[in-house]
Amino acid sequence: EQKRKAELVMEFYQKFVIEGDLSVGPRFIGDPYIQHNPIVDNGLDGVIAFVKELRRKYPEMTFEFKRVLVDGDYVLLHSHVITKPEIRGVSVFDLFRLDGDKLAEHWDVIQNIPEQTASGNTMF
């Protein structure tokens, strides 16, 4: 069950966000879909508008999943996102709450990757 939930969220992210196939949205996004990112509206239309703008603004953007954690109906993706090839990128935590086989709620935390860390450890 945990593996299925992790795969569902990763498939959504891969197809919808990374590949930009917005037609798969209804397959993954539930109604209602509650959004906690302050610049994204609730519902499928809000996510579509956000992804369209993201892909328009950063056509060379890359994503790498670093880890996926599942706890009940919650799936957490930790990703390395590079919006432009010449920058280090950001560390992104996307937390999704599932309702059955649909994404029902989303939170995220985005942190710039510094040139150096006090500990010498990477963000990943």
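For the chain, a Gaussian network of Cα nodes joined below 10 Å ranks Leu76, Leu95, Leu54 by mean-square fluctuation, and the top entry is Leu54. Amide H contacts under 5 Å for Glu105: Ile34, Arg97, restricted to partners 5 or more places along the chain or on a different chain, H placed in the peptide plane at 1.01 Å from N. Once the chain from Met123 to Arg56 is taken as fully extended at 0.36 nm per residue, the excess over their C-alpha distance is 21.4 nm. Relative to the longest principal axis of the Cα atoms of the chain, the long axis of helix 2-12 makes an angle of roughly 80 degrees.
Expressed as a fraction of 2.2 N^0.38 Å, the C-alpha radius of gyration for the chain is 1.06.
Relative to the longest principal Cα axis of the chain, at what angle does helix 43-57 sit, 0 to 90 degrees, rounded to 10? The two axes meet at around 30 degrees. Annotated for the chain: lysine pairs at least 8 residues apart or interchain, Cα distance under 27 Å, count 19. Between Glu1 and Gln116, the simple label model (points 7 Å from Cα in the Cβ direction) yields a spacing of 4.9 nm.
Taken together, the values in this text are just the output of simple stated rules run on the coordinates, not laboratory data. What you are looking at is a predicted structure, and each value in this text was computed from that prediction instead of being measured. Glycine also receives a Cβ, built like all others from the backbone with ideal geometry; neighbour counts cover every protein chain displayed.
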